[in-house]
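Written below as structure tokens is the structure these notes are about.
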Amino acid sequence: MQLDRDKVLVWDPFVRMFHWSLVLAYLVVWLSAEEWEWLHDQTGYFILVLIGLRVLWGLIGSRHARFGDFLYSPGRTLNYLKQLRSNRPQHYLGHNPAGGWMVVILLLALLATGVSGVLIGAGEHEFWEDLHEGLANLTLFLVFVHVTGVLFSSLLHHENLIRAMWTGTKVRRDADV
Amino acid sequence: MSESRVTGLSWLFVALVLGSAVVLFLGGGAAALSGDHDEAHELRHAGNIIPLSELMGRPELVGQRVLEAELEREDGHVIYELELLDDAGRVHERYYDAVTGQPLRRSGED
């Protein structure tokens, strides 16, 4: 049985705000692409602002928001992925090693997409446009990997990670890292 | 940093997200209302750029179907960006200086 006293705040208000603002902005930026240029551009800038704030927060933010909390060495990350195959992986209160790298890869891919988009207006139109489209497709692929990972981990550990990202709380377990 | 200060800072960052959204989506709102279409309209009527119909009279464009035509500003020039479908069903992109009507570059077939 899960007791209320075992509930802890894992994701601070900004982390949650960042996550769901990004989800919404990502939806808008896709739907407005090649249709509503102004909305697409402004939303793109908004995503870049979000990424900038998240990177800063990753350095100075609350415990589980910091990169230092969830970036594990490649060896430990591989070890975690091996544990997944054994079906008895370590439970992490914050991001698990795979999820942590997913955060960084998504941020970098979105940053690259945004920057290539800004550069479309600065000349070499065609080159940047092609790159922008390619990177945008890459981010969509990464989003699918991310969502799949979240659903997989939720089922594996019998916890609703989507709700946790909304409410900010998770139930602590004895052997948690 | 103490836990309460971190929480306070977290709300400050939330405020920064909201503030940037207001600036980006409402601050630029007035410009958006007089969007691309009006600007194209104005440019055309000022006699600065040639109409698309005139551009389509160029020999290499006759008989091509326009999938998409965009008016863009690039390096201080106004350019037409055309996405065309030729008789063989191939898609081309072509760029023209919107003032002189001269072709700028030609991309390969997609």
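Might you check whether a residue that is out of contact with any Leu (no Cβ under 9 Å at 6 or more places or on another chain), farther than 30 Å from residue A:15 by Cα, more than 8 Å from chain A (Cβ to nearest Cβ) and modelled with pLDDT under 85 occurs anywhere in the stretch B:3-14? No, because not a single residue in the stretch B:3-14 is out of contact with any Leu (no Cβ under 9 Å at 6 or more places or on another chain), farther than 30 Å from residue A:15 by Cα, more than 8 Å from chain A (Cβ to nearest Cβ) and modelled with pLDDT under 85. Of the helices (runs of 4 or more DSSP H) that lie entirely inside the stretch A:1-87, those containing 3 or more residues that are within 16 Å of residue A:108 (Cα to Cα) span A:13-32, A:37-60. Of all residues in the stretch A:106-121, those satisfying the criterion of being at pLDDT 95 or above and of a type in the set (A, V, I, L, M) are A:106, A:107, A:108, A:109, A:110, A:111, A:112, A:115.
Condition check: surrounded by fewer than 17 Cβ atoms within 10 Å (Cβ to Cβ) and modelled with pLDDT of 90 or more. Does residue A:174 satisfy that? Spelling it out, it is not the case that residue A:174 is surrounded by fewer than 17 Cβ atoms within 10 Å (Cβ to Cβ) and modelled with pLDDT of 90 or more.
No other residue among A:158, A:132 is farther than 25 Å from residue A:57 by Cα and touching a Ser or Thr at 6+ places or on another chain (Cβ under 8 Å) apart from A:132.
A count restricted to the stretch A:131-150 and to residues that are without any contact (Cβ under 8 Å) to a residue 12 or more places away in the chain and either under 15 Å from residue A:99 (Cα atoms) or surrounded by fewer than 15 Cβ atoms within 10 Å (Cβ to Cβ) (or both) stands at 6. Inspect the stretch A:39-53 for any residue being more than 17 Å from the chain's Cα centre (by Cα) and over 22 Å from residue A:142 (Cα atoms) and give the result as yes or no. Checking the stretch A:39-53: at least one residue is more than 17 Å from the chain's Cα centre (by Cα) and over 22 Å from residue A:142 (Cα atoms).
Filtering the stretch A:119-152 to residues that are within 20 Å of residue B:80 (Cβ to Cβ) and among the aliphatic types (A, V, I, L, M) leaves A:120, A:122. Restricting attention to the stretch A:1-44, the residues that are of a type in the set (Phe, Trp, Tyr), touching a residue at least 24 places away in the same chain (Cβ under 8 Å) and touching a Ser or Thr at 6+ places or on another chain (Cβ under 9 Å) add up to 3.
Anything in the stretch A:95-119 that is farther than 23 Å from residue A:153 by Cα and over 11 Å from the mean Cα position of the chain (by Cα)? List them, or say none. Hits for the stretch A:95-119 are A:111, A:112, A:113, A:114, A:115, A:116, A:117, A:118, A:119. For the stretch A:4-22, the condition of being crowded, with 18+ Cβ neighbours inside 10 Å, in contact with an Asp or Glu (Cβ under 9 Å, 6 or more places away or on another chain), more than 9 Å from chain B (Cβ to nearest Cβ) and not aromatic (Phe, Trp, Tyr) holds for none of the residues.
Number of residues in the stretch A:88-130 that are of a type in the set (A, V, I, L, M, F, W, C), in a helix (DSSP H, G or I) and in contact (Cβ under 8 Å) with a residue 60 or more places away in the chain equals 4. Every condition in (1) within 10 Å of chain B (Cβ to nearest Cβ); (2) farther than 14 Å from residue B:25 by Cα; (3) of a type in the set (D, E, K, R); (4) over 17 Å from the mean Cα position of the chain (by Cα) holds for residue A:35 except the one numbered (1). Among the residues of the stretch B:56-83, write down those that are away from every other protein chain (no Cβ under 12 Å), surrounded by fewer than 16 Cβ atoms within 10 Å (Cβ to Cβ) and in a strand (DSSP E or B). Across the stretch B:56-83, the qualifying residues are B:65, B:66, B:69.
The values are calculated or read from the model by the stated rules, or taken from the named source; none is laboratory data. Note that the structure is predicted; figures quoted are calculated from it, not measured. Reconstructed Cβ throughout: ideal geometry from the backbone, glycine too, with neighbour counts over all protein chains shown.
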